[in-house]
Every structure is written in C-alpha cells, then in structure tokens.
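Read through the structure below, which is laid out as structure tokens, and then see the notes.
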Amino acid sequence: MNGRDLTLGLVAGLAVAGAVRRRGSRNDADRFRRELEEEGFADCTQGCVQIRDHAYALDDLKQILENEGFDTEDAWITEMARVLNRLRFPLTVYRGINTDTLDRDKLGPYWTWDGEVAHAFAHGVHASAESSGSTPWLVTAVIDDEAQVNWPRSVQQYLLFSSHLTNARNTDNSLILRDGRGPRILSIQKLNGR
C-alpha cells in the first residue's frame with residue numbers, strides 16, 4: 001500500500017456527510033445509509049454541495065484539504081462539483097498501467113476519463129505512477145452505469161488529486177469503481193516505450 005492509498009483510507013470517512021437520494025434499488029439506498037451511519041455521519045441539511053446523487057457538507061470537504069495541508073478554496077469544490085456532475089454515462093474511461101504482464105482480471109478500481117492522464121500513468125511519468133515493469137499499457141473501457149462508481153471515494157480522490165492541481169503530471173481526473181463493478185473493457189493496447 002502506498003502513501004496515497006493510505007491517505008485515502010484514512011480520510012475515507014471524512015468526506016461524506018450524507019446522502020440525499022441514491023439511484024438503484026431500495027436495498028442499495030438502505031445499504032448506503034447504513035454505511036454512512038456506521039461511520040457516524042448524519043444527513044447533510046445545510047451548507048451542502050450536491051455531487052451526483054449525494055450531498056456533501058462543504059465543511060467536511062474543506063477539512064479533507066486542510067488535513068492534507070492544502071488551502072481550502074470554495075472555487076475548487078465548486079469546480080469539482082461542476083466537473084463530476086457533467087459526466088454522462090455510459091462514460092469512456094482509461095487505465096494506464098506500466099507492468100511486464102497485464103492481468104485483465106486485476107485492473108483495479110481507479111479509472112480516468114482523461115486519456116492524457118492514462119498515458120502519463122502508463123509511461124510512468126505521472127507523479128503518482130507506480131511502475132512494476134517496463135511495458136506501458138493503455139486499457140480503454142466503458143462505465144455503463146453511474147451506480148458502478150463509488151461516489152464518496154471518487155469525490156475524495158478528485159478533491160485530493162485533481163481539484164487544486166493544474167497539469168496532467170499531477171491530476172488524476174479519476175473515478176473509483178465499487179468492488180466487483182468493473183467497467184466493460186473495449187481494448188487493451190500495448191504502447192511504445194517512453
């Protein structure tokens with residue numbers, strides 16, 4: 001586990017203040033509410049930012065940035081909400097991986113809608129890229145339904161690794177998928193070296 005994953009794990013519960021409504025079945029909505037209650041969060045009723053089907057307390061989102069040593073700016077949070085709310089599904093996404101052998105069944109939950117970011121990860125030049133080999137791969141896929149996305153974790157990911165950064169070497173522009181809810185793979189391409 002790298003430091004970034006540890007940071008995401010530590011702040012995982014801090015971003016979500018509540019759910020206004022959740023698409024999908026009644027069981028999905030109940031499960032989501034139970035998850036929030038188990039983490040000690042209440043519904044957000046004021047000072048909220050609406051992102052997709054969830055309402056997040058502005059103060060909680062600012063706290064995540066403060067905990068990481070970033071200045072908090074409402075503009076970053078407003079822009080994040082605008083970007084994430086404009087995504088349309090089905091959504092084409094990419095995964096850049098640098099490894100000697102690619103296991104189609106272990107592509108992971110992190111997917112970006114930005115091809116430039118995926119290329120940076122594949123070539124190991126992204127600031128957060130981990131390289132376990134010498135072969136860059138680009139996987140193109142489709143997220144058919146936004147219910148496949150873990151929105152609370154994706155909001156945290158965007159807030160920490162995209163909202164306040166300005167170039168593809170640092171930004172993720174990514175979504176984190178729910179366990180067992182991988183995208184539909186369209187292609188796997190072995191790229192030329194760096």
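Each value in this text was obtained by applying a stated rule to the coordinates, not by laboratory testing. Remember, it's a predicted structure, so these values are computed and weren't measured experimentally. Using ideal geometry, Cβ is built from the backbone for each residue, glycine included, and neighbour counts are taken over all protein chains shown.
General remarks:
- For V149, the amide hydrogen comes within under 5 Å of the amide hydrogens of R178, counting only partners 5 or more places away or on other chains and with H modelled in the peptide plane.
- Once backbone amide H atoms are built at 1.01 Å from N, D53 has no partners under 5 Å, excluding neighbours fewer than 5 places away on the same chain.
- Net charge of the neighbourhood of L58, taken over other residues with C-beta under 13 Å away and scored Lys/Arg +1, Asp/Glu -1, is -4.
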